[in-house]
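The values are calculated or read from the model by the stated rules, or taken from the named source; none is laboratory data. Bear in mind that the values here come from a model prediction, so they are computed numbers and not experimental data. Glycine also receives a Cβ, built like all others from the backbone with ideal geometry; neighbour counts cover every protein chain displayed. Note: areas computed on protein heavy atoms with side chains; ligands, DNA, RNA excluded. Shrake-Rupley method; radii C 1.70, N 1.55, O 1.52, S 1.80 Å.
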Amino acid sequence: MTDIAISVENLSKSYLVGHNSASPERYTALRDVVARNVRNLARKTRDMLHGRAIVQGDEVEEFWALKDVSFEIKQGDRVGIIGRNGAGKSTLLKILSRITEPTQGRIEIAGRVASLLEVGTGFHPELTGRENIFLNGAILGMSRREIQRKFDEIVDFAEIERFLDTPVKRYSSGMYMRLAFAVAAHLEPEILIVDEVLAVGDAQFQQKCIEKLKHRSSDYQTIIFVSHNMTAINQLCSETIILNSGKLEYMGASHHAIGKYFQRTQEDNPHNTNNKKNAIIKINLHNNSNIKYIQTGEDIEFTTTLRLNSKTIDYHLAFSIFDSNNELLTHIINEDDSFKFINHNDIHYVAVKIKLKKLNFIPGEYIVNAWLGDGGAIEIDKF
C-alpha cells in the first residue's frame, strides 16, 4: 500500500484573457467598429458552440496560470506553498479541491479532501452563531450527528459562547472568522487544504489555529497550507513549495525554501540597485550561552562581515529587528553613533559588531535584517 497522499504530474492550467485593441486616444472609423464587432460575434459564437468560455475583448490571449508542475506529498506531511501574488497558488488549490479542472497533466489523491479556501462561505448573516454552525457544518460535509458531537468543542475553540444565539451580522470580523475556522477545523478528512485563513485574527488566536493544525497532522492527516506569513509556514510545515510565475521553483525543507523566497524577492525588487562589488557577506549572532536561542534580558551581539570596493567613505549600515507579524521593533544605523568606515581603494573586508544590552523582548521568533547603502541613500545590499 502506497503512502503517497497527493501525486501531481505535469499539471498545467491555462485561461483565455481578453484585451481591447483600440486605443482610447486613437480615432476609430465606423467601418472599423462594425468589422471588429462582427469578428467578436463570430468568435464568441464558435466558443459557445464548442462549449468554451466566452471571453470579452477584441483580442484573446492564452495565459498559463500553472505550467508543468509536478510533486508528491506523503500521508501525514505538512506542506506549505509560498510565492508572490499571481504565482499560481490559488489556482493549484482550486484544482486540488476539484473546483476547476486542469488543462493538462494529472492528479492522484488518496483520501477525502476538505478545503478552507474562503473561511465563512455559507454563513447566513441573519442566522445565529448556533444555527450557522449546523448550516456551515452541513455545507462542509459533516452529518448532523457529527456536528452535535463536536458542537461544544467548536464553541469552546471559537470563544463565542456569550454570543452563540446572536445573529452573526452583529459579530466583529474577528468573531466571525474564529467561528468559521472553528467549524472547518473540526472536519476529519484525510487531506486538509488551507489558504490564508490565518490572515485575520489576533496573534493568540493565530497561534491557537497553528497548534490545532499541528495536532491534526499528528493524527496522520495531510495538510497543505498557503500563506504569506513566513513565520506560520516555518512553524507548521516541514516542507515548502515555491511557485514562481506558474512554475515549481523549489520544494524542500521550509527554512531553506523561505530563505530562497526572500532572496528571489530581493533580486526581483525593481528598486534594488544591488552592487556585487559591495555586499553584506554574513551575519553572526552571539550571546552569553552561545546557543541558537536568546534568553529575555540577555545581551546579544551581531557581527557583520562586509565586502567593500569603493572610494566612498560615507557608507550607511543599518540593522532592523521585526517580530513574527513583520512589525518593526527597533532600527539601528551607524551614523547615529557617528561611526564611519575607513576609506580604501582596493577590495577589503570589514567586520562590524553591534551589541544590544538586556534585550527585553517577549518570547517568540524575530527577524533581523541588515542594509548597506551609500551617502546618497542608495541601497547596495540587503541580508
From highest to lowest solvent-accessible area (probe 1.4 Å; ligands, DNA and RNA excluded), ARG39, ARG307, ARG162, ARG106 read ARG162, ARG39, ARG106, ARG307
At 1.4 Å probe size, with every protein chain present, just tell me what the per residue accessible area of the range 87-130 comes to in Å². 53
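Order the peptides 140-152, 173-185, 79-91 from the highest to the lowest mean number of other Cβ atoms within 10 Å of their residues.
Values: 140-152: 14.3, 173-185: 22.1, 79-91: 20.5.
So the peptides 140-152, 173-185, 79-91, ranked by packing, come out 173-185, 79-91, 140-152.
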Cβ-Cβ cut-off under 10 Å around VAL113, Lys and Arg +1, Asp and Glu -1: the net charge is +1
When only alpha-carbon atoms are used, what values of Rg and Dmax, in angstrom, describe the range 102-153? 14.8, 45
For the range 61-114, which whole-number percentage of the solvent-accessible area (1.4 Å probe, protein heavy atoms only) is attributable to carbon and sulfur atoms? 40
